[in-house]
Amino acid sequence: MDPNSKQPSANAAAILTWLVPGAGHLYLGRATWALVGFALIEGLFYLGLVLSEGRAFEYLDPELRSPFAPVLSPEFGNLGAFVFQLRTHGFGPGVMQPWPEWMRLGSSLCALAGILNVCWAALAHVHARSAKLAPGVAPAGAAAPARDLFLTWLVPGLGHWVQGRRRRGVIVFALLVGLFVVGTWLADASNLSRERHFYFWAGQFFVGAPALAAEAIWGGMRVRHEIPYVDCGLVFGCVAGLLNVLAMIDAFGFSEAKAFGWPVKTSRVVEGAPA
């Protein structure tokens, strides 16, 4: 790259990726990364769309349905696909129909594609800034921030564990997964159904694999009795997911600092450094 040429914009790379997976890396001239991102994320979204027949937004109650109502769903992280689903499938034909056999799995795959695209956008942002520092060459560890971002979503605290901040990782896991488990117990597993609680489900989706595993096992349970503490359980599960967003940002920031050689601040109490 000519040092006098216009430097790539990190924000543009991230926004382009948000619009279309891989577009940010294509803008940076990284065709392989662009192709991998597009194939992985849009392939996952398409599979989810086929399995769910594009009906995930029909989970919303009729009085909540509007063009902006699904914006708080994880699919919004993959904006182009989100708009495609909303325009082609919308909220269904308006008549009662049985759900497809693989509805829950398909809906979760579309949501997962949104999470992955957020991580891919973060990767494009780091790669764009790397290009400014060393044109044509990515510094060692340039992919680590996006990797740790995804790992922390996958299992709360896992990104911190991989970074060597194991005590913090254990604390994050215990607190957030514990909060989610307590919420699921209080809600008698009714929080695991996107059909019943569209927005609370969206929040707890950020708990990652623990939430997905719980939904796979108990998500189809029928509610046959009154649940006294259901509201408290819904809030607990959702807050666990939203707190994990903060943990994801923390893991990303730590890896980002290491990748660019910035000073890294650690807590001696949390990280277990000698006094």
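Mind giving me the nanometre distance, one decimal, between the label points for SER66 and ARG166, set 7 Å out from Cα along Cα→Cβ?
5.1
Based solely on its DSSP helices, what 222 nm [θ] is calculated for the chain when runs of n ≥ 4 H residues each add -39,500 (n - 2.57) and the sum is averaged over all residues, nearest 500 deg cm²/dmol? All intermediate terms of the calculation are to be shown ahead of the outcome.
Values: 12 runs with 167 residues, N = 275.
That comes out to -19500 deg cm²/dmol.
Angle between the Cα long axis of helix 144-154 and the longest principal axis of the chain, 0 to 90 degrees, nearest 10?
The two axes meet at around 10 degrees.
Springs between alpha-carbon pairs under 10 angstrom, Gaussian network model over the chain: which of VAL126, VAL20, VAL264 fluctuates most?
Highest fluctuation among the options: VAL264.
Test of understanding: express the Cα radius of gyration of segment 32-86 as a ratio to 2.2 N^0.38 Å, with N the residue count.
Compared with the compact-globule rule of thumb, segment 32-86 sits at 1.25.
Just the projected area, averaged over all directions, of the convex hull on the alpha carbon atoms of segment 1-138: how many nm²? Before the final figure, lay out the partial values.
Values: hull surface 34.3 nm².
So the mean shadow area of the Cα hull is 8.6 nm².
Applying a 10 Å radius around every beta-carbon, put 220-227, 109-116, 97-104, 40-47 in order of their mean neighbour count, most first.
Those peptides, ordered most packed to least, come out 109-116, 40-47, 97-104, 220-227.
On alpha carbon coordinates alone, what is the Rg over Rh value for segment 140-275, Rh being the Kirkwood radius?
Ratio of gyration radius to Kirkwood radius: 1.08.
Sorted by packing (mean other beta-carbon atoms within 10 Å per residue), highest first, where do 186-197, 64-75 land? Intermediate results must be reported in sequence, preceding the final value.
Details: 186-197: 21.5, 64-75: 16.3.
In descending order of packing, they fall as 186-197, 64-75.
I need the Debye-formula profile for segment 101-204: one equal scatterer per C-alpha, no solvent, reported as log10 I(q)/I(0) at q = 0.15, 0.18, 0.23 1/Å, two decimals.
Treating every Cα as an identical point scatterer, log10 I(q)/I(0) equals -0.80, -0.99, -1.20.
Tell me the label-point distance for the pair ALA12, VAL182, using the 7 Å Cα-to-Cβ offset, in nm and rounded to one decimal.
4.8
Bin width 5 Å, alpha-carbon pairs only: give the P(r) of the chain as whole percents, running from 0 to the bin holding the largest distance.
Here the calculated profile for the chain is 1, 6, 12, 15, 16, 15, 13, 10, 6, 4, 2, 1, 0, 0.
Here, each number is a calculation from the coordinates, and none is a lab measurement. Being a predicted model, the structure only gives us computed values, none of them experimental. Reconstructed Cβ throughout: ideal geometry from the backbone, glycine too, with neighbour counts over all protein chains shown.
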